[in-house]
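Asks: The structure that follows is given in the form of structure tokens.
The values are calculated or read from the model by the stated rules, or taken from the named source; none is laboratory data. Small disclaimer: the values here were computed from a predicted structure and weren't measured. Note that each Cβ is placed from the backbone with ideal geometry, even for glycine, and that neighbours are counted across all protein chains shown. Accessible surface areas use protein heavy atoms only, side chains included; no ligands, DNA or RNA. Shrake-Rupley method; radii C 1.70, N 1.55, O 1.52, S 1.80 Å.
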Amino acid sequence: MSIEVTNETGHAVDEAEFAALARHVLDAMHVHPQTDLSITLVGTEVMSDLHVRWMDEPGPTDVLSFPMDELRPGREDAVTPAGLLGDVVLCPEVAAVQARAAGHSTVEELLLLTTHGILHLLGYDHAEPEEEKEMFALQRRLLLTFLAGRGADGSLERTLP
């Protein structure tokens, strides 16, 4: 699997941690190991432009997902076909504001948003209450199992719904 993490901002992040999270999520969702994914961190101006262009909504947002091959989660006995999963675009400046409100770090918020974005690429949505319940529970489980494996202190777990 090729996971490319690009930071186009001045915000310091450990790109390897984002790649490791993406590998964890894709493995857990039984996505073929040769599937490609791009994660890009951008500033508010770029995110605002993308948000208007693709969602017809003004201002920056926290995360946007751009699916490519419309891959869906596999199963333990049948992984997805190999392909191009798509792009997740994150805005650290928006994430920092959300992190303060939620009581955790900006990096933790960005990891949460990365997980959220990957789930959108895999076809999950939260438009309806049942979809939201399923997606957010899965998002929480995936992120917490990743953090537990990394020896995180659990601060994000205390702030997740």
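Asks: On the given criteria, is H24 at pLDDT below 95, under 22 Å from R150 (Cα atoms) and touching a helix residue (DSSP H, G or I) at 6+ places or on another chain (Cβ under 9 Å)? Steps first, please.
Replies: On the way: at pLDDT below 95: no; under 22 Å from R150 (Cα atoms): yes; touching a helix residue (DSSP H, G or I) at 6+ places or on another chain (Cβ under 9 Å): yes.
Spelling it out, it is not the case that H24 is at pLDDT below 95, under 22 Å from R150 (Cα atoms) and touching a helix residue (DSSP H, G or I) at 6+ places or on another chain (Cβ under 9 Å).
Asks: Find all pairs meeting these conditions: Cβ atoms under 8 angstrom apart; at least six residues apart or on different chains; first residue within the stretch 139-150 and closer than 14 Å to E108 by Cβ and open to solvent by 10 Å² or more (accessible area, probe 1.4 Å); second residue in a loop (DSSP other than H, G, I, E, B) and of a type in the set (A, V, I, L, M, F, W, C).
Replies: Between residues of the stretch 139-150 that are closer than 14 Å to E108 by Cβ and open to solvent by 10 Å² or more (accessible area, probe 1.4 Å) and residues that are in a loop (DSSP other than H, G, I, E, B) and of a type in the set (A, V, I, L, M, F, W, C), the close pairs are R140/L160; L144/L160.
Asks: If you scan the stretch 115-146, which residues turn out to be within 21 Å of R53 (Cα to Cα) and under 12 Å from the mean Cα position of the chain (by Cα)?
Replies: H116, G117, I118, H120, L121
Residues are listed down the side, and each one gets a yes or a no for (1) touching a strand residue (DSSP E or B) at 6+ places or on another chain (Cβ under 6 Å); (2) closer than 20 Å to L121 by Cβ; (3) modelled with pLDDT under 95:
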{"residue": "N7", "(1), (2), (3)": "yes, yes, no"}
{"residue": "H11", "(1), (2), (3)": "no, no, yes"}
{"residue": "T44", "(1), (2), (3)": "no, no, no"}
{"residue": "M47", "(1), (2), (3)": "no, yes, no"}
{"residue": "D62", "(1), (2), (3)": "no, yes, no"}
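Asks: Please determine, by comparing only the residues of the stretch 47-65 that are free of Cβ contacts under 8 Å to residues at least 24 places away in the same chain and open to solvent by 40 Å² or more (accessible area, probe 1.4 Å), which one is nearest to L85 (Cα to Cα).
Replies: To start, the set of residues in the stretch 47-65 that are free of Cβ contacts under 8 Å to residues at least 24 places away in the same chain comprises 48-49, 51-59.
Now drop any that are not open to solvent by 40 Å² or more (accessible area, probe 1.4 Å), which leaves 49, 52-58.
Details: D49: 22, V52: 23, R53: 21, W54: 18, M55: 20, D56: 23, E57: 24, P58: 26 Å.
Only one residue fits best here, namely W54.
Asks: For the stretch 102-125, name all the residues that are without any contact (Cβ under 8 Å) to a residue 40 or more places away in the chain and more than 24 Å from A148 (Cβ to Cβ).
Replies: Scanning the stretch 102-125 gives a single hit, D125.
Asks: Shifting gears a bit: For the structure I just gave you, tell me whether T80 is in a loop (DSSP other than H, G, I, E, B), β-branched (V, I, T) and open to solvent by less than 30 Å² (accessible area, probe 1.4 Å).
Replies: On the way: in a loop (DSSP other than H, G, I, E, B): yes; β-branched (V, I, T): yes; open to solvent by less than 30 Å² (accessible area, probe 1.4 Å): yes.
So T80 passes the test.
Asks: If you don't mind, another one. For the stretch 85-95, check the following and say yes or no: at least one residue is free of Cβ contacts under 8 Å to residues at least 40 places away in the same chain and within 18 Å of L143 (Cβ to Cβ).
Replies: Of all residues in the stretch 85-95, those free of Cβ contacts under 8 Å to residues at least 40 places away in the same chain come to 95.
Subset that is within 18 Å of L143 (Cβ to Cβ): 95.
Taking every residue of the stretch 85-95 in turn, at least one turns out to be free of Cβ contacts under 8 Å to residues at least 40 places away in the same chain and within 18 Å of L143 (Cβ to Cβ).
Asks: Which residue, of M29, M68, is in contact (Cβ under 8 Å) with a residue 60 or more places away in the chain, surrounded by 14 or more Cβ atoms within 10 Å (Cβ to Cβ), closer than 17 Å to Y124 by Cβ and not hydroxyl-bearing (S, T, Y)?
Replies: On the way: M68 fails: in contact (Cβ under 8 Å) with a residue 60 or more places away in the chain.
Answer to the selection: M29.
Asks: Considering only residues of the stretch 84-111 that are modelled with pLDDT under 95 and assigned to a loop (DSSP other than H, G, I, E, B), which is least open to solvent (accessible area, probe 1.4 Å)?
Replies: H104
Asks: In the stretch 1-26, how many are assigned to a loop (DSSP other than H, G, I, E, B), touching a residue at least 12 places away in the same chain (Cβ under 8 Å) and among the aliphatic types (A, V, I, L, M)?
Replies: Number satisfying all stated conditions: 2.
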